[in-house]
1. If I filter segment 71-81 for residues that are closer than 30 Å to residue 165 by Cβ, modelled with pLDDT under 80 and surrounded by 10 or more Cβ atoms within 10 Å (Cβ to Cβ), do I get at least one hit?
2. Return the total of residues in segment 299-320 being among the aliphatic types (A, V, I, L, M) and assigned to a loop (DSSP other than H, G, I, E, B).
3. Restricted to segment 160-210, and to residues that are part of a helix (DSSP H, G or I) and among the small types (Gly, Ala, Ser), which residue is surrounded by the fewest Cβ atoms within 10 Å (Cβ to Cβ)?
4. For residues that are assigned to a strand (DSSP E or B), in contact with a Pro (Cβ under 8 Å, 6 or more places away or on another chain) and either modelled with pLDDT under 90 or within 19 Å of residue 165 (Cβ to Cβ) (or both), tally how many sit in segment 211-262.
5. If I ask for residues that are exposed (fewer than 10 other Cβ atoms within 10 Å of the Cβ) and in contact with a strand residue (DSSP E or B) (Cβ under 7 Å, 6 or more places away or on another chain), which ones from segment 129-144 would you list?
6. In segment 41-58, is there at least one residue being on the phi < 0 side of the Ramachandran plot, surrounded by 15 or more Cβ atoms within 10 Å (Cβ to Cβ), out of contact with any Ser or Thr (no Cβ under 9 Å at 6 or more places or on another chain) and modelled with pLDDT under 60?
7. Out of all the residues in segment 102-121, is one or more in a loop (DSSP other than H, G, I, E, B), out of contact with any strand residue (DSSP E or B) (no Cβ under 9 Å at 6 or more places or on another chain) and modelled with pLDDT under 90?
8. Being among the small types (Gly, Ala, Ser), surrounded by 14 or more Cβ atoms within 10 Å (Cβ to Cβ), assigned by TED's automatic domain parsing to the domain that holds residue 214 and within 26 Å of the chain's Cα centre (by Cα) narrows it down to one of 126, 102, 157, so name that one.
Amino acid sequence: MGINYDPSTGTITKGANTSGGAKTGNSNSSHSGNAKQGSDFVNGALGAVATRLSQAGLPIGGLFSSGGSSLSSNVGSPGATEDWRVKLSLSGATFAQLFAGSPGATETIMQNKGIVWPVTPFINMSHSANYDSRGVIHNNYPYYAYQNSQVDQITISGSFPVSDQRSGHNWLGTLHFLRTVTKMYYGKGANQGNPPPICRLNGYGDFVYKDVPVVVTNFNVELREAVDYIGVSVPTTTGGSKTTKSEKANKAGGGPAGMTTSEAKSSGAGGESSGGSINYVPTDSLIAVTCLPVYSRNKISNKFNLKSFADGKLTNDGFI
């Protein structure tokens, strides 16, 4: 009696031993027949497993071969004009007026006219519709009268890793940018007496954040004690070769842990100090920004329409 396996149906049945012959047959033929049946059973079982894995889109052994198809992300790679990173920026005219010639406006800040979170941040956003409760005498349920709707504050929190001079400049530029956009136009100069500038929030595509006008109400930067700090060279505003106060402090042993500038460079904690000052930035920190969407009365009155909003026609105007 033998075992028959049907790979097409996955069933196992008992049948006559066709390979082994009769009980009194050649023993070598019997052993050969049994071995062939066992091999057929294993091959059939593997074939059934392979079929199920193939139908599920999974490779045998759980490893994709170099020639096979690989799983792809639903998001896809951003194109040259489809930068979906979270960005907080200023208009071109405002940015040029404030940061033209500023040493705090690093290369990354200049390219984006603002700051970009280098890693995916945590974003907390909420929308609310407010109703006023109207209590009625001798009634079990109150009535609600609609008051208004609003987009609540948006909190963006993300890590800023620093590993070299370029990323260190980006960290310093981010700090300088946030300090600037939270201050009013005070003192002599253009736009004297105006409030802080309005920024634009972009990220994740047109139907999430596209040119949303926001004002920064608060930001927090962590300078942790349990991380390394690296020296980043920032040029002075004059670009001269005079020794700055920070350089004098470094030469006197004012670097990290009392090191001199040369010691900081040799240990990897310092940066180049020609024509500028050395600033020490953490290799990992958390920067959180709180902002509020703001819309002018003219824009709300003349452009907003609920039907157009529902159709997605107002995304270019920053309405969320």
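The values are calculated or read from the model by the stated rules, or taken from the named source; none is laboratory data. All values derive from a computational prediction rather than experimental measurement. Don't worry about glycine lacking a Cβ; one is built from the backbone with ideal geometry, like all the others, and counts go over all protein chains shown.
1. Let us first name the residues in segment 71-81 that are closer than 30 Å to residue 165 by Cβ, namely 77-81.
The next check asks that each one be modelled with pLDDT under 80; those that pass are 77-81.
In the following step, the residues that additionally are surrounded by 10 or more Cβ atoms within 10 Å (Cβ to Cβ) were identified as 78.
Within segment 71-81, one or more residues are closer than 30 Å to residue 165 by Cβ, modelled with pLDDT under 80 and surrounded by 10 or more Cβ atoms within 10 Å (Cβ to Cβ).
2. Taking segment 299-320 first, the residues among the aliphatic types (A, V, I, L, M) are 300, 306, 310, 314, 320.
With the extra rule that they be assigned to a loop (DSSP other than H, G, I, E, B), the set shrinks to 314, 320.
Residues in segment 299-320 being among the aliphatic types (A, V, I, L, M) and assigned to a loop (DSSP other than H, G, I, E, B): 2 in total.
3. Within segment 160-210, the first condition is being part of a helix (DSSP H, G or I), and the residues that meet it are 165-181.
So of that shortlist, the ones also among the small types (Gly, Ala, Ser) come out as 167-168, 173.
On the way: 167: 18, 168: 25, 173: 24.
The qualifying residue surrounded by the fewest Cβ atoms within 10 Å (Cβ to Cβ) is 167.
4. Restricting attention to segment 211-262, the residues satisfying the condition of being assigned to a strand (DSSP E or B) are 211-221, 229-235.
Cutting the leftovers down to in contact with a Pro (Cβ under 8 Å, 6 or more places away or on another chain) gives us 212-216, 229, 231, 234-235.
Now restrict to residues that are either modelled with pLDDT under 90 or within 19 Å of residue 165 (Cβ to Cβ) (or both): 229, 231, 234-235.
The total comes to 4.
5. Initially, segment 129-144 is screened for residues exposed (fewer than 10 other Cβ atoms within 10 Å of the Cβ), giving 129, 133, 135-141.
If the condition is that a residue be exposed (fewer than 10 other Cβ atoms within 10 Å of the Cβ) and in contact with a strand residue (DSSP E or B) (Cβ under 7 Å, 6 or more places away or on another chain), then 129, 133, 136 are the ones that fit.
6. The answer is yes; a qualifying residue exists.
7. Taking segment 102-121 first, the residues in a loop (DSSP other than H, G, I, E, B) are 102-106, 113, 117-121.
Then drop every residue that is not out of contact with any strand residue (DSSP E or B) (no Cβ under 9 Å at 6 or more places or on another chain), which leaves 102, 105.
Adding the requirement that they be modelled with pLDDT under 90 leaves 102, 105.
Scanning segment 102-121, I find at least one residue that is in a loop (DSSP other than H, G, I, E, B), out of contact with any strand residue (DSSP E or B) (no Cβ under 9 Å at 6 or more places or on another chain) and modelled with pLDDT under 90, so the answer is yes.
8. Details: 126 fails: surrounded by 14 or more Cβ atoms within 10 Å (Cβ to Cβ); 102 fails: within 26 Å of the chain's Cα centre (by Cα).
The unique qualifying residue is 157.
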